[in-house]
Amino acid sequence: MIKTVGSLTPNKIIIFLISPLMLSASLLDFRALDQAQEAYAEGNYSKAIKAYETIEEKNDEVIYDKANSHYKLKEYKEAKELYASIKKDSLAFKKWHNIGNCNAQLGELDEGIKAYEEALKIKEDDDTRFNLELLKKKKKEQEKKKKDDKKDKKSDKDK
């Protein structure tokens, strides 16, 4: 049998004792989030990343903003990994568009094309469409160059 003290049950006492700790963590997260956003706005992306890393409640918005900071620092692999970890449906379009951007910067044309196509399945967007067509054109140019290089090597052998 659970004993009560006045109207406080053991469960209420535990919640009462834990609440200030949770409130403290939340306040620290808000402070870190403010610092991260301020650093990002100032263009200090390294400082923004450090502030995002101190936030205990890493929701998809925090992950997205941290990924953006990595992208601004040209840390495309890190940004891509963070974007890929986002699960929230409301960020799906941005996630795939930005994964496409990371792939393009990394020279991963096939993966970039696939990512842009995923984004366009969610929402039609002029910038995404432009980026997709640009990667497709770049891929064709690379394939043509490879084909031309093979022809040149073959003609050199024949001589």
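Going toward the positive end of the dipole of segment 29-107, with +1 on Lys and Arg Cβ and -1 on Asp and Glu Cβ, which of TYR64, GLN35, ALA51 do you reach last?
Value: TYR64.
For segment 69-159, just say rounded, prolate or oblate: build the C-alpha gyration tensor, square-root its eigenvalues into a ≥ b ≥ c, call rounded for a/c under 1.5, and beyond that prolate if a/b exceeds b/c, oblate if not.
On the way: a/c = 3.66, a/b = 2.22, b/c = 1.65.
Prolate shape, in that a/c is at least 1.5 and a/b is the bigger ratio.
At a 1.4 Å probe, what is the % contribution of carbon and sulfur to the accessible area of segment 91-139?
On the way: 1290 of 2690 Å².
So the carbon and sulfur contribution to the accessible surface is 48 percent.
Taking only protein heavy atoms into account and a 1.4 Å probe, give the accessible area per residue of segment 50-106 in Å². If you can, show how the numbers build up before the last one.
Working: 3070 Å² over 57 residues.
The answer is 54 Å² per residue.
Looking at segment 38-105 from every direction and averaging, what is the projected area of its Cα convex hull in nm²? The partial results should precede the final answer.
Values: hull surface 17.0 nm².
Averaged projected area of segment 38-105's Cα convex hull equals 4.2 nm².
Could you sort out which of LYS72/LYS114; LYS74/LYS147; LYS74/LYS94; LYS47/LYS114; LYS94/LYS144; LYS50/LYS80 sit more than 24 Å apart by Cα distance in this structure?
On the way: LYS72/LYS114 22 Å; LYS74/LYS147 31 Å; LYS74/LYS94 18 Å; LYS47/LYS114 32 Å; LYS94/LYS144 32 Å; LYS50/LYS80 18 Å.
In this structure, LYS74/LYS147; LYS47/LYS114; LYS94/LYS144 lie more than 24 Å apart at Cα.
Using a simple charge model, +1 on the beta-carbon of Lys and Arg, -1 on the beta-carbon of Asp and Glu, nothing else, what dipole does segment 59-99 show about its Cα centre, in debye to the nearest 20?
Working: 9 positive and 7 negative charges, 28 e Å.
Dipole size: approximately 140 debye.
The values are calculated or read from the model by the stated rules, or taken from the named source; none is laboratory data. Just so it is clear, the model here is predicted, and its values are computed rather than measured. Please note: Cβ atoms are built from the backbone with ideal geometry, for glycine as well, and neighbour counts cover all protein chains shown. SASA here: full protein model, heavy atoms, side chains in, ligands and nucleic acids out. Shrake-Rupley method; radii C 1.70, N 1.55, O 1.52, S 1.80 Å.
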